[in-house]
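Just so you know, all these numbers are worked out from the coordinates, no wet-lab data involved. It should be emphasised that the depicted structure is a prediction, and the values quoted were computed from it without experimental measurement. We place every Cβ from the backbone using ideal geometry, glycine too, and count neighbours over all the protein chains shown.
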Amino acid sequence: MKLVMAIIKPFKLDEVRQALTELGLQGMTVTEVKGYGRQKGHTEIYRGAEYAVNFLPKIKIEVVVPAAVVDRAVDAIVAAAKTGQIGDGKIFVVPVEQTVRIRTGETNESAL
Amino acid sequence: MVKLAKYLFATVAALAVFLIFKLDPALAQEAAGAAPAAPTPPINTGDTAWMLTSTALVLLMTIPGLALFYGGMVRKKNVLATVGQAFGATCIITVLWMIIGYSIAFTTNDSESLQKWIGSFKYFMLKPMTIDAVNPLAGSIPESVYMTFQMTFAIITPALIAGSLADRMKFSSFMVFMGAWLILVYSPIAHWVWGGGWLGQLGALDYAGGTVVHLNAGTAGLVCALVLGPRHGLGKENMAPYNLVYSVIGASLLWVGWFGFNAGSAVTANVNAGMAMAVTQIATAAAALAWMVCEWMIAKKPSILGLVSGAVAGLVAITPASGFVNPTGALIIGIAAGVVCYFAAVHVKKAFGYDDALDAFGVHAVGGALGAMMTGMFASSAINSAGKGWLIDGNAHQMLIQFYDVAGTFVYCAVMTFIILKVIDIIMGLRVSQAVEVEGLDINLHGEVVQ
């Protein structure tokens, strides 16, 4: 099992969710986050007072998938979240040791 | 809390006792023999209906209008404290206006030499305001309506000052300051211009409060900003507004409420009220566009905060002129207000470095003074026989009178505000500790937060 963690532009969330659903994935966790990469921040001006805003709003998606599906899931996210503009985000894949479905006690891939 | 109550009570009581027994020869005379009763003029129901409406509209300007306008511009940690200042000011001023403020501003002092400076103290606790009382200044409506209408002006004027002292003043000191400023600054100046005092006798034209309300509040704001000092972290920390939608809603409520402010200042439902409403609308829109164009050219983007700030600047500048100018005059005053207030709030403030946090000085004092002077320029006797201006009627002398009005208000207000602040500072302190300021006023002063 792998944890696929994707940081994407907020308005791309629906397309990414749809793409992952089409792969047969049955759940995900979404968080509103702030951060920066090469896009850096932007400048806001209020009555002449300028503020550099370093952390931009992004969406973090976390989804745990069977190892066999990882590549397809990553490809689906890339295809759905890409605009070609700076600030599209990043995807991290990390190994998962164990999964438990709390309601039934099922474990690992049968719990996904 | 006990300490605060003690201060409040002591301030109010001391003022009342001092003013009633030391300054008013009328009171002694009244005890000796009753003055001849003036015949009561008939109440006009149309006028009364409009003034009841206007009173509600002007109260709407402060709560929630001004509260939201300012509340949206501060940081999240100070939102409640900021809207609370407008609400708290509304309450303390209502009570003090009932006790003595109205009497000082809008009643006639029997001594002619004192009448120039201050009204009488006969209306202490509004005792003579019977059910059918009428103030000679507003002959066709019940005095109860006139007193409440003027109360809403007395409320918004000190509340405007909160824009300059935002994010850093103790709530207790703020409340005491509001009360003291009302009695010692607003009420006398309102008397000078509207209550038959020296500026009114000179012929100063201030229809709805360009100097009495806006220059006055903005000047006090500048003094507050200078005495309190800048907010901690100014220029280094991000002080971006919490939610500008609140400010847009607030500015919109100010705009709507302002029809009560300007058209209501006719104190009748007549042709002057109608024209005041029309010129108010025109000047406001023109000023908003002018501010927007300036910002678009200089900062490259037309901000929504700029658009609504321009509208408020236009409302302020047309206030003194609203009963005296024609639509063309209003358009020119509006454009001038948008351009001048933009530079005052955005560039002059930066150049001098004072921290007028939400631009009470840059918008209200500058806009109020500009409007007062431009009233002298554009007043037309074809609109109002009481106002002969320079450009249309060839009465250049009016400019000098308007200047006296501006200068007199500015100097008296600046000096008195400074003294009041220093006295409060000595007794109870003005500013919160740095730790409180950094963590936020809401949680520390009020025990509440906005999530």
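Hey, which lysines would be in cross-link range of residue B:116, C-alpha to C-alpha under 29 Å, not counting anything within fewer than 8 residues on its own chain?
Correct list for residue B:116: B:22, B:127, B:388, B:422.
Between residue B:428 and residue A:49, what's the calculated FRET efficiency when r is the beta-carbon distance and R0 is 22 Å? Round to 0.05.
Efficiency at R0 = 22 Å is approximately 0.10.
Taking residue A:40 as the anchor, which aspartates and glutamates have their alpha carbon closer than 20 Å to its alpha carbon, excluding any fewer than eight residues away along the same chain?
Leaving aside aspartates and glutamates fewer than 8 places away in the same chain, those within reach of residue A:40 are A:32, A:50, A:88, B:237.
Name the residue farthest towards the positive end of the dipole of the stretch A:2-111 from the options A:95, A:65, A:30, assuming +1 on Cβ of Lys and Arg, -1 on Cβ of Asp and Glu, about the Cα centre.
The residue sitting most towards the positive pole is A:30.
Quick one: which residues, 5 or more positions from residue B:72 or on another chain, have an amide H under 5 Å from its amide H? H modelled 1.01 Å from N in the peptide plane, none for Pro or chain starts.
Placed amide hydrogens put B:247 under 5 Å from residue B:72.
From the phi of every residue in the stretch B:196-204, what ³J(HN,Hα) in whole Hz does the Karplus formula 6.51 cos²θ - 1.76 cosθ + 1.60 yield, where θ is phi - 60° and glycine or proline is x?
3J(HN,Hα) across the stretch B:196-204, in whole Hz: x, x, 5, 6, x, 5, 5, x, 4.
Could you derive backbone 3J(HN,Hα) for the stretch B:131-147 from the dihedral phi with the Karplus parameters 6.51, -1.76 and 1.60 (θ = phi - 60°), listing whole Hz in sequence and x where the residue is Gly or Pro?
4, 10, 6, 9, 8, x, 6, 9, x, 9, 10, x, 5, 4, 6, 5, 4
Using the beta-carbon distance between residue B:117 and residue B:351 and R0 = 25 Å, what value does 1/(1 + (r/R0)^6) give for FRET efficiency, to the nearest 0.05?
Values: r = 36 Å, r/R0 = 1.45.
Step by step, r from the Cβ atoms, then E = 0.10.
What size of dipole, in debye to the nearest 20, comes out for the stretch A:2-111 about its Cα centre when the only charges are +1 on Lys and Arg C-beta atoms and -1 on Asp and Glu C-beta atoms? Kindly include the intermediate steps, with their values, before the conclusion.
On the way: 15 positive and 13 negative charges, 66 e Å.
The dipole of the stretch A:2-111 has a size of about 320 debye.
Below 12 angstrom from the Cβ of residue B:200, what's the summed charge of the other residues (Lys, Arg +1; Asp, Glu -1)? All intermediate terms of the calculation are to be shown ahead of the outcome.
Details: positive: B:116; negative: B:206, B:405.
In short, -1.
Can you give the local net charge around residue A:109? Use residues other than it whose beta-carbon is closer than 14 angstrom to its beta-carbon, Lys and Arg +1, Asp and Glu -1. It would help to have the intermediate numbers written out before the result.
Numbers: positive: A:2, A:101; negative: A:97, A:106.
Result for the neighbourhood of residue A:109: 0.
Name the long-range amide H neighbours of residue A:35: under 5 Å, sequence gap of 5 or more, or other chain; modelled H, no Pro or chain starts.
A:56, A:58
Would you mind counting up the charge near residue B:447? Only other residues with Cβ under 14 Å from its Cβ, with Lys and Arg at +1 and Asp and Glu at -1.
Numbers: positive: B:77; negative: B:439, B:442, B:448.
Counting the neighbours of residue B:447, the net charge comes to -2.
Which pairs break 31 Å Cα to Cα here: A:9/B:76; A:60/B:300; B:301/B:349; A:2/B:76? Present the calculation step by step, with values, prior to reporting the outcome.
Numbers: A:9/B:76 25 Å; A:60/B:300 33 Å; B:301/B:349 20 Å; A:2/B:76 39 Å.
Long pairs (Cα-Cα over 31 Å): A:60/B:300; A:2/B:76.
Shielding by partners for A:48-56, please: the mean number of other protein chain Cβ atoms within 10 Å of each residue's Cβ. Write down the numbers at each step before the final one.
Numbers: counts 14, 9, 3, 4, 1, 2, 1, 0, 0.
Mean shielding count: 4.
If you count, for each residue, the other Cβ atoms within 10 Å and average over each peptide, how do B:251-264, A:42-55, A:69-82, B:308-321 line up from highest to lowest? Intermediate values should be presented prior to the final figure.
Values: B:251-264: 23.3, A:42-55: 14.1, A:69-82: 17.2, B:308-321: 32.5.
Highest-to-lowest ranking by the protection proxy: B:308-321, B:251-264, A:69-82, A:42-55.
From the backbone phi of the stretch B:218-233, what are the Karplus-calculated ³J(HN,Hα) couplings (6.51 cos²θ - 1.76 cosθ + 1.60, θ = phi - 60°) in whole Hz, Gly and Pro given as x?
x, 5, 4, x, 4, 4, 4, 4, 6, 6, 6, x, x, 5, 4, x
Hey, can you rank B:265-274, B:200-209 by average C-beta count inside 10 Å, highest first?
Per-residue mean Cβ counts within 10 Å order the peptides as B:200-209, B:265-274.
If you place +1 on the Cβ of every Lys and Arg and -1 on the Cβ of every Asp and Glu, how big does the dipole about the Cα centre of the protein assembly as shown come out, in debye to the nearest 20?
Details: 35 positive and 34 negative charges, 235 e Å.
Using Cβ point charges on Lys, Arg, Asp and Glu, the protein assembly as shown gives about 1140 debye.
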